[in-house]
Amino acid sequence: MRIPNTFGFDVKAAVYAEYHSVEELEKWIAEGRITSPFLHIGCGSNLLFVKDYEGMVLHSRIGGMEVTAEDDGQVHVRVGAGVVWDDFAAYCVEQGWYGAENLSLIPGEVGAGAVQNIGAYGVEVKDLIESVETINIHGRKRVYRKDECEYAYRKSLFKNPEMKSVFVTYVNFVLSKKEHYTLDYGTIRQELAGYPSVTLATLRRVIIDIRESKLPDPKVLGNAGSFFMNPIVPRAQFEALLDLYPAMPHYEVDAGRVKIPAGWMIDQCGWKGKALGPAAVHDKQALVLVNLGGATGKDVVALSDAVRASVKEKFGVEICPEVNFIE
């Protein structure tokens, strides 16, 4: 069966199966129906399949958003791994819960978001997570507290190879009921100037507008969103680069490290809008690689390698894919 993926590649799995509850997954495990090799995916929004997958692909359809506790300041929400992330972000805004609005319109599902530590516009999902519920291939359940998840920039414990056989079933979030916003990132404040006041709804609208102006709709132009991670470099290296490129945008990480936008460096290398066969760098956002039609995973890998080589040659900085390659 064809594997869902936002690049729009025509790739197939030997077996594709969806489960709708923890109980159903437990039954499959007990009956030995999950055979090796296997791959657990969300909706394929952060995956690059280089070829057909010769094993079993699993997809969670566990739904539900349940308030488990709340007080005057906070609300605790348990969300199924198969819930579409933006549906949850929209629900938080509708309920007047603060924290998820800057993550509006990020593609994918809740479980995969917790694995990837999705982030945008100054917020990462780890900022909202309280714990992650899992079950492994042997049927053992475990709840990981946030401090056990080893969250970092686009990283988590769940991305480690030894965690391949651990499946996220639910994610527990803590949202704030007290008004607060994260506005000092990109052009957020500038875009908000067109609205009479800042509210959750207006901020969500602004975030969506910004994303839609830069990022192509995967249904129209296959892509996986931001393809590369923004590199974090030692301050000495950053200062040397700043001498050469005084207009270089950057974000302070800590006293010894600085983050440089990968998209800016790719653009400086002349790649924005440039194609290599049927794969291309998007003409509005150089961080995005797109399928112009008929591209394969190998085409996108070739483009990725060429872009990375250009950035390394010009800036001496290694940029790494955020997208997971499945070979």
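Kindly provide log₁₀ I(q)/I(0) values, in the same order as q = 0.11, 0.17 Å⁻¹, from the Debye equation applied to equal alpha-carbon scatterers of the range 107-195.
Debye curve over Cα of the range 107-195, log10 I(q)/I(0) at q = 0.11, 0.17 Å⁻¹: -0.38, -0.75.
On a straight-distance basis, which lysines could pair with Lys259 in a cross-link, Cα separation under 16 angstrom, same-chain partners fewer than 8 positions away excluded?
Filter leaves Lys155, Lys312.
Report in % the part of the accessible area of the chain that belongs to carbon and sulfur, leaving out ligands and nucleic acids; probe 1.4 Å.
50
Give, rounded to the nearest 20 debye, the magnitude of the charge dipole that the range 122-164 has about its Cα centre when Lys and Arg contribute +1 at Cβ and Asp and Glu contribute -1 at Cβ.
So the dipole magnitude of the range 122-164 works out to roughly 220 debye.
If one computes P(r) from the Cα atoms of the range 235-305, what percent of pairs lie at distances over 14 Å?
63
What aspartates and glutamates does Lys214 reach when the alpha-carbon gap must be under 15 Å and sequence neighbours fewer than 8 apart in one chain are set aside?
In chain and number order, the partners are Glu191, Asp267, Asp283.
Determine the equivalent ellipsoid of the range 182-327 by diagonalising the alpha-carbon gyration tensor, then write out the semi-axes as square roots of 5 times the eigenvalues, largest first, rounded to whole Å.
Sorted largest first and rounded, they come to 26, 24, 12 Å.
Going down the list Lys12/Lys141; Lys141/Lys164; Lys27/Lys141, which pairs span over 22 Å between their C-alpha atoms?
Lys12/Lys141, as the Cα separations exceed 22 Å there.
Average the reciprocal distances over every distinct pair of alpha-carbons in the range 265-305, invert the result, and give the Kirkwood radius in Å.
It works out to 9.9 Å.
Using θ = phi - 60° and the Karplus curve 6.51 cos²θ - 1.76 cosθ + 1.60, what whole-Hz ³J(HN,Hα) does each residue of the range 188-200 get, with Gly and Pro shown as x?
Per-residue couplings from phi come out as 4, 4, 4, 5, 5, 4, x, 10, x, 7, 8, 9, 4 Hz.
Using a Gaussian network for the chain with springs between C-alpha atoms less than 10 Å apart, which of these wobbles most: Lys27, Lys298, Lys146?
With Cα springs under 10 Å in the chain, the top fluctuation among Lys27, Lys298, Lys146 is at Lys27.
Alpha carbons only, please: Rg and Dmax for the chain, in angstrom.
20.2, 62
Can you give the translational diffusion coefficient of the range 128-267 in µm²/s, computed by Stokes-Einstein from the Kirkwood radius over Cα pairs at 25 °C and 0.890 mPa s?
After rounding, the answer is 130 µm²/s.
Over the chain, what relative contact order in percent results from Cα pairs under 8 Å that are six or more residues apart?
Relative contact order here is 18 percent.
Using the Cα atoms of the range 174-231 to build a convex hull, what is its mean projected area in square nanometres?
6.0
Have a look at Asp254, Asp184, Asp127 and tell me which one the Gaussian network model of the chain (Cα, springs below 10 Å) gives the largest fluctuation.
Largest GNM mean-square fluctuation: Asp254.
Averaged across orientations, what area in nm² does the convex hull of the alpha carbons in the range 1-145 project?
9.4
How much area per residue is accessible in the range 96-242 when the probe is 1.4 Å and only protein heavy atoms are counted (Å²)?
45
Please find, in a Gaussian network model of the chain (springs between Cα atoms separated by less than 10 Å), the residue of Ala280, Ala240, Ala30 whose mean-square fluctuation is greatest.
Maximum among the listed residues: Ala240.
Projected onto the charge dipole of the chain (+1 at Lys/Arg Cβ, -1 at Asp/Glu Cβ, origin at the Cα centre), which of His250, Ile137, Phe7 gives the Cα projection farthest towards the positive end?
Phe7
The values are calculated or read from the model by the stated rules, or taken from the named source; none is laboratory data. Predicted model only: the values in this text are computed from it and were never measured. Here the Cβ is made from the backbone with ideal geometry for all residues, glycine too, and neighbour counts use every protein chain on show. Quick note on the areas: whole protein, heavy atoms, side chains included, nothing else; ligands and nucleic acids left out. Shrake-Rupley method; radii C 1.70, N 1.55, O 1.52, S 1.80 Å.
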